[in-house]
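To start, the structure under review is shown below, and the notes come after it.
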Amino acid sequence: MTVRFGLLGAGRIGKVHAKAITANSQAQLVAVADAFPQAATDLAGVYGAEIRSTEQILNAADIDAVVICTPTDTHADLIEQFARAGKAIFCEKPIDLDVARVRACLSVVDAEGATLMVGFNRRFDPHFTAVKEVIDRHEIGQVEMVTIVSRDPGAPPVDYIKRSGGIFRDMTIHDFDMARFLLGEEIESVTAQASVLVDPAIGEAGDFDSVSVMLQTATGKHATISNSRRATYGYDQRIEVHGSKGSVAAENQRPVSIEVANASGYTRPPLHDFFMTRYTEAYAREIEAFIDAVQAKAPASPSGLDGLIALALADAALRSVREGRTVKLTEIMPNS
């Protein structure tokens, strides 16, 4: 069965997903919709897709699944609409910036029996997947501590910062999901610190650009996250997992993995410059996993619940910063 896709949103991440869909032999990009007609026209033209409105995609008999790459404040409404229309749904994170709204949305998804996958692409990065496989094979014993470093080459525009939901919901949310993925246990408490060290305008917009987070599970396992909106040396993405019998690490990746030695010393090429090149294969594998779930009529992972928990962790981190204390996740999700 070829899964026929409608793509909602033809911006930067929409282009990434369009490429992944059309590169997969089990998928077909049927239609593209965007609030800016020229953006839809340009992207549809590259891949031979039709230009349709969101409503036309919603009601189309020749579309099985949608990929939602629209602004965050539209995600929950679109998920509900397409769940009721019987379409499988892939949605970029987050589902919404409000935990209660996400819960309401997931209730609709559950009631309709819809397939929903949330876009935490880093789970599908081959290097991070290899780390998880080492853990699952018990090669390092019981996981005890996880260290995640995620630093962007530069800060996004302040206009983006203002509508992003803040660094914890926009950037660290990926690391919250990865911490859960690697720890193998649910996180019980969050302690966070945050500063404005990169750009004063980010602070004026009510956000932070440099954060450190400590997560702890009920059994005492730890995950430490380091985020910065500035890394002058490139897109810094590293993971280390320490266990009772050893450790496993995923180092930074480069477009070309070589090392040059001469009289000046040892040098290596620079890191990838941003997520679109660093995580190209992860995006392809992510769409492949979604297609597999749709074809098998099986639950998709990461799920809507994964998206909800990552958002709740982000809210807990923000509360920790504002109140200067450790925050229990049950304060954000009382019924969890």
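The values are calculated or read from the model by the stated rules, or taken from the named source; none is laboratory data. The shown structure was predicted, so the numbers you read here are calculated from the model rather than taken from an experiment. Cβ atoms come from the backbone with ideal geometry, glycine included; neighbour counts cover every protein chain shown.
What to note about this one:
- Residues located in region 6-37, provided they are in contact with a strand residue (DSSP E or B) (Cβ under 8 Å, 6 or more places away or on another chain) and basic (K, R): none
- Taking each residue of region 228-246 that is of a type in the set (V, I, T) and looking for partners that are surrounded by 15 or more Cβ atoms within 10 Å (Cβ to Cβ) and in a loop (DSSP other than H, G, I, E, B) with beta-carbon atoms closer than 9 Å, six or more apart or interchain, yields T232/P153; V241/I140.
- Any hit, region 220-227, residues being more than 22 Å from A282 (Cα to Cα), loosely packed, with under 11 Cβ neighbours inside 10 Å and not hydroxyl-bearing (S, T, Y): yes
- When region 261-284 is limited to residues that are out of contact with any Lys or Arg (no Cβ under 9 Å at 6 or more places or on another chain) and touching a residue at least 60 places away in the same chain (Cβ under 8 Å), the one that is nearest to L183 (Cα to Cα) turns out to be E281.
- Residue ranges of helices (runs of 4 or more DSSP H) in region 1-77 with at least 3 members surrounded by 15 or more Cβ atoms within 10 Å (Cβ to Cβ) and in contact with an Asp or Glu (Cβ under 8 Å, 6 or more places away or on another chain): 12-22, 37-47
- Residue identified as among the small types (G, A, S), surrounded by 20 or more Cβ atoms within 10 Å (Cβ to Cβ) and part of a loop (DSSP other than H, G, I, E, B) among A300, A310: A300
- Pick from region 151-170, criterion surrounded by 23 or more Cβ atoms within 10 Å (Cβ to Cβ) and aliphatic (A, V, I, L, M), ranking: modelled with the highest pLDDT: I167
- Selection within region 276-295 - at pLDDT below 95 and farther than 12 Å from F124 by Cβ: M276, T277, R278
For (1) more than 28 Å from N227 (Cα to Cα); (2) aromatic (F, W, Y); (3) over 18 Å from the mean Cα position of the chain (by Cα); (4) buried (at least 16 other Cβ atoms within 10 Å of the Cβ), each residue gets a yes or a no:
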residue: A83; (1), (2), (3), (4): yes, no, yes, yes
residue: A88; (1), (2), (3), (4): yes, no, yes, yes
residue: L97; (1), (2), (3), (4): no, no, no, yes
residue: A114; (1), (2), (3), (4): yes, no, yes, yes
residue: G141; (1), (2), (3), (4): no, no, yes, no
residue: V149; (1), (2), (3), (4): no, no, no, yes
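- Residue in region 286-297 that is surrounded by 15 or more Cβ atoms within 10 Å (Cβ to Cβ), among the small types (G, A, S) and touching a Ser or Thr at 6+ places or on another chain (Cβ under 8 Å) present: yes
- Of the criteria (1) within 21 Å of E331 (Cβ to Cβ); (2) assigned to a loop (DSSP other than H, G, I, E, B); (3) out of contact with any strand residue (DSSP E or B) (no Cβ under 8 Å at 6 or more places or on another chain), which one F208 fails: (3)
Per-residue answers, yes or no, for (1) within 20 Å of the chain's Cα centre (by Cα); (2) on the phi > 0 side of the Ramachandran plot; (3) of a type in the set (F, W, Y); (4) assigned to a strand (DSSP E or B):
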{"residue": "V213", "(1), (2), (3), (4)": "yes, no, no, yes"}
{"residue": "Q216", "(1), (2), (3), (4)": "no, no, no, yes"}
{"residue": "G220", "(1), (2), (3), (4)": "no, yes, no, no"}
{"residue": "A223", "(1), (2), (3), (4)": "yes, no, no, yes"}
{"residue": "N227", "(1), (2), (3), (4)": "yes, no, no, yes"}
{"residue": "Y233", "(1), (2), (3), (4)": "no, no, yes, no"}
{"residue": "E240", "(1), (2), (3), (4)": "yes, no, no, yes"}
{"residue": "V248", "(1), (2), (3), (4)": "no, no, no, yes"}
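- Close pairs from region 130-144: first on the phi > 0 side of the Ramachandran plot, partner at pLDDT 95 or above and surrounded by 13 or more Cβ atoms within 10 Å (Cβ to Cβ), Cβ under 7 Å, at least 6 apart: G141/G243
- Within region 110-140, the residues that satisfy the criterion of being assigned to a helix (DSSP H, G or I) and touching a Phe, Trp or Tyr at 6+ places or on another chain (Cβ under 7 Å) are N121, R122, R123, K132.
- Within region 153-204, tally of residues that are without any contact (Cβ under 8 Å) to a residue 24 or more places away in the chain, touching a strand residue (DSSP E or B) at 6+ places or on another chain (Cβ under 9 Å) and either outside the structural domain of K132 (by TED's automatic domain parsing) or not in a loop (DSSP other than H, G, I, E, B) (or both): 2
- Some residue of region 98-109 being of a type in the set (D, E, K, R), in contact (Cβ under 8 Å) with a residue 60 or more places away in the chain, touching a Cys at 6+ places or on another chain (Cβ under 9 Å) and not in a loop (DSSP other than H, G, I, E, B): no
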